[in-house]
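*Asks:* I am attaching a structure below and will ask some questions about it afterwards.
Quick note: the coordinates plus some simple rules give every number you see, no bench work behind them. Source: prediction; values computed, not measured. Methodologically, a virtual Cβ is constructed for each residue, glycine included, from the backbone with ideal geometry; neighbour enumeration extends over all protein chains shown.
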Amino acid sequence: QVGPASVGALSGAPSLPLIQVLLGKAPPKTRPQGRNRRIARGQPLRYMLNLYRSVADRHGRPRRNRKLATNTIRLVKPFAKARQPGAGPWLVWNLDYRLEIQPQVEHLVRATLVYSQTLSLAQGEFLCTAELLSSKDAIPRTTLSLTSPRVGKRNATAFSTKDSWVEMDLSTYLQPWVWAAQNSQVLHVRHACAYVGQPWGSIPDPGWEDAVSLNDPFLLLYLNDTLGGLWTRLGGLGSGEAPFEEKRLRRPVQTRQAR
Amino acid sequence: QAGNLALDLPSYLRTNSIKKRECSLHPFRVSFQQLGWDHWIIAPHSYQPQYCKGNCPRILHFGYHSPNHAIIQNFINELVDKSVPPPSCVPYEYSPISILMMEQNGTILYKVYEDMIAKSCTCR
């Protein structure tokens, strides 16, 4: 039996690569109890848990029949949000996302903007949409436009399906040279929702704006974190272990010659 | 002298008396709560790293995937100099683990960490 060993207790071991990485990612345990859990909740957490369960079993072992092309997926929530007035029946927000990609250690393979097309809330049913904006002048880069919600063309069953997620592929807009040239890793997105749960023109229950506002779109960055990047991040080769690791990677054990 | 050991290999392989203490993979599970990491690792709740334990046999047969160096070191320990230790029982193959976690800024991160679960053992 061993007592709980916090990450902090291992901070005196900077030469341990895994510990070094964990120290860089782990939030401090000194936060008020439960706060970390509250940070990760709602739709983003549910989405990531579903994704996790689809690719790994309950012990974290990758499923044989379901492999991802990348070893890292980062869910990014907006860091800034502003309500945009005067958009007809739509309630519109402008959202800013910080990509925080480290090009020297992380290779961006794919990026998507994920949002729920229909929201089933206590206040009613809502139709939502999102579009990517140009980083400088806030001009829509995607073809989506804010027209009247097409209530008549949707049937009730469409809205009864909860969490109708849409993944908008942003890969073509997020090539490294694009955001590197702009010297900014901030992405601008417009998110719009309209109340459609009752005959058009009715007024939803109070508080629906706040409820819808809790379901902001989020980014999914599919990254490949490289071992080479890890060693670079740790400040180069120090202990002599790295050359062995690199050698092992170049010639896997499975290909060793028989003795 | 080393050749004599090799000639003894067939009879050695037939004896199973010390097999129980021989180098092998053992199951082990630890929760992330025990490691003090449960405040930022969302899934899984527990981790099964497994471990290798046991004595390395006098004659390292092919099943241990021991490198030539380990076999020679074993001979040296057996025949030449006891101060040179016999090979150690250590993991040979590993598998990765998928972890869902929170970063400091509240970002949710899915990450695959390689070489986190021991799958088999070797003597080297």
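*Asks:* For B:ILE42, enumerate residues with amide H under 5 Å from its amide H, sequence gap 5+ or separate chain, H modeled in the peptide plane.
*Replies:* B:LEU100, B:MET101, B:MET102
*Asks:* From the backbone phi of region B:53-69, what are the Karplus-calculated ³J(HN,Hα) couplings (6.51 cos²θ - 1.76 cosθ + 1.60, θ = phi - 60°) in whole Hz, Gly and Pro given as x?
*Replies:* Once rounded to whole Hz, the list reads 8, x, 7, 7, x, 4, 10, 7, 8, 4, x, 8, 6, 6, x, 3, 4.
*Asks:* Give me the one-decimal nm value for the distance between modelled label points at A:ARG83 and A:THR226, 7 Å along each residue's Cα-to-Cβ direction.
*Replies:* Taking the two extended label points, one gets 4.7 nm.
*Asks:* Based on the Cβ-Cβ distance from B:SER46 to A:GLN102, what FRET efficiency comes out when R0 is 22 Å, to the nearest 0.05?
*Replies:* Computed FRET efficiency for B:SER46 and A:GLN102: 0.15.
*Asks:* Can you compute the label reach from B:ILE76? Point 7 Å from Cα along the Cβ direction, backbone N cut-off under 15 Å, restricted to region B:38-60.
*Replies:* none
*Asks:* Whole-Hz ³J(HN,Hα) for each residue in region A:78-84, computed from phi via Karplus 6.51 cos²θ - 1.76 cosθ + 1.60 with θ = phi - 60°, x for glycine and proline: what do you get?
*Replies:* Along region A:78-84, the couplings run x, 9, 9, 8, 9, 6, 9 Hz.
*Asks:* Right, here's the next one. Convert each backbone phi in region A:44-58 into a coupling constant with the Karplus relation 6.51 cos²θ - 1.76 cosθ + 1.60 (shift: θ = phi - 60°), then list the ³J(HN,Hα) values in order as whole Hz, x for Gly and Pro.
*Replies:* The phi angles translate into x, 5, 4, 4, 5, 5, 4, 4, 4, 5, 6, 10, 9, 7, 6 Hz.
*Asks:* What nm distance separates the two modelled labels at A:SER164 and A:ASN50, each placed 7 Å from Cα along Cα→Cβ?
*Replies:* Here the answer is 1.3 nm between the modelled labels.
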